[in-house]
Structure formats: structure tokens, C-alpha cells
1. What trypsin sites (Lys or Arg not before Pro) does region 1-97 have in DSSP loop regions with at most 14 other beta carbons within 10 Å?
2. Stretched out fully, how many nm does the piece from residue 2 to residue 26 gain, at 0.36 nm a residue minus the Cα gap?
3. May I ask you to list the GluC sites (Glu not before Pro) in region 45-89 that are in a DSSP loop and have at most 12 other Cβ atoms within 10 Å of their Cβ?
4. Between residue 115 and residue 9, what is the FRET efficiency for a Förster distance of 30 Å, r being their Cβ-Cβ separation, to the nearest 0.05?
5. Over region 18-112, what is the percentage of antiparallel beta bridges among all DSSP beta bridges, to the nearest 5?
6. Net charge near residue 87: determine it from the other residues with C-beta under 12 Å of the C-beta of residue 87, scoring Lys and Arg +1 and Asp and Glu -1.
7. Highest first, please rank the peptides 116-122, 24-30, 98-104, 68-74 by the mean number of other Cβ atoms sitting within 10 Å of their residues.
8. When the Cα centres of region 7-22 and region 72-128 are compared, how far apart do they sit, in Å?
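Derivation of every value follows stated rules applied to the coordinates shown; laboratory data play no part. Everything numeric here is computed off the predicted structure, so don't read it as measured data. Because the Cβ atoms are built from the backbone with ideal geometry, glycine has one as well, and the counts that use them run over all protein chains shown.
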Amino acid sequence: MAYSEKLVDHYENPRNVGSFDKGDDSVGTGLVGAPACGDVMKLQIKVSPEGLIEDAKFKTFGCGSAIASSSLVTEWVKGKSLDEAATIKNTDIAQHLALPPVKIHCSVLAEDAIKAAIADYKAKHGQS
Ligand code: FES
Ligand code: FES
């Protein structure tokens with residue numbers, strides 16, 4: 001199977017690997033798992049007082065497509081508002097990385113992770 005250059009690039013040089021302190025008020029944490037394969041993805045956002053995502057980090061236990069999807073999402077969300085970041089679709093990720101059909105669920109994991117991180121941040125700040 002031929003993987004796209006963008007996919008291989010994000011897999012070999014993942015951006016923004018790491019974590020923030022979960023207890024930090026400016027941090028939202030999303031931790032999701034893929035029932036299909038048992039892979040786990042943690043994605044965190046750091047939100048500025050103005051409500052913009054100023055930084056993002058991830059840790060993914062999973063396949064190359066899951067690592068590439070989470071790496072890409074951490075790049076995409078930087079500088080976005082929470083509402084803008086919430087509009088990121090797994091189909092955009094899959095298309096950008098040219099994921100093969102059996103790897104679509106890896107991009108779903110990344111969409112779920114960013115949504116979970118946003119929800120966590122909002123819950124911390126009494127927003128729904
Ligand atoms: Fe092998 Fe997900 S099934 S890494
Ligand atoms: Fe399960 Fe990629 S996240 S195979």
C-alpha cells in the first residue's frame with residue numbers, strides 16, 4: 001500500500017509531541033480510544049485568556065496514521081478559537097493525509113480527541 005508523502009512526513013516527524021499539566025486551568029485534555037483497534041490518543045490544548053488556542057500537544061499510542069492524524073490536528077488548531085477548532089472534521093484530516101479506507105477510523109480518533117479537549121476546557125470554565 002502506498003502512503004502519501006504528507007502522511008509519512010507527519011509520522012516520521014510528528015509535531016507537538018508531549019503533554020501539558022492536566023490540572024492547569026488554561027489546558028483542556030481529550031483522551032480517546034478506538035474500539036476498533038485499541039489505540040489511544042491524548043490531545044491537549046492550551047488556551048489564551050482571549051480564548052485562542054495558543055499551543056497544542058499530543059501523545060498517541062497507535063498506528064502511523066493515528067500519529068500523523070494527531071500531529072496534523074495539533075498544527076491545525078493553533079491560533080484558532082475553540083469554536084473554529086471544533087469544526088475540524090475527520091474527513092478533512094483523512095483527505096489531507098490521503099488515508100486509505102481502512103485507516104479512516106484513525107482520523108476519527110483525532111476529531112474525537114480535539115472535541116474532547118475542547119469539552120474538557122469548557123467544563124473547567126463552566127461553559128457547556
Ligand atoms: Fe495496530 Fe492500531 S491496530 S496500531
Ligand atoms: Fe487504530 Fe490507526 S488508530 S489503526
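1. Details: sites: 6, 15, 22, 42, 46, 57, 59, 78, 80, 89; in loops: 15, 22, 78, 80, 89.
Counting only loop positions with at most 14 other Cβ atoms within 10 Å, the trypsin sites (Lys or Arg not before Pro) in region 1-97 are 22, 89.
2. Details: separation 24, 0.36 × 24 = 8.64 nm, distance 4.01 nm.
Extra length from residue 2 to residue 26 when fully extended: 4.6 nm.
3. On the way: sites: 50, 54, 75, 84; in loops: 50.
When the GluC sites (Glu not before Pro) of region 45-89 are filtered for loop state and at most 12 Cβ neighbours within 10 Å, 50 remain.
4. Values: r = 25 Å, r/R0 = 0.83.
After rounding, the FRET efficiency stands at 0.75.
5. Values: 16 of 16 bridges.
Taking every DSSP beta bridge with both residues in region 18-112, the antiparallel ones total about 100 percent.
6. Details: positive: 80, 89, 115; negative: 83, 84, 92, 111.
In short, -1.
7. On the way: 116-122: 20.4, 24-30: 18.6, 98-104: 14.4, 68-74: 28.3.
Ranking, from highest mean packing down: 68-74, 116-122, 24-30, 98-104.
8. Value for the Cα centre distance between the two parts: 14 Å.
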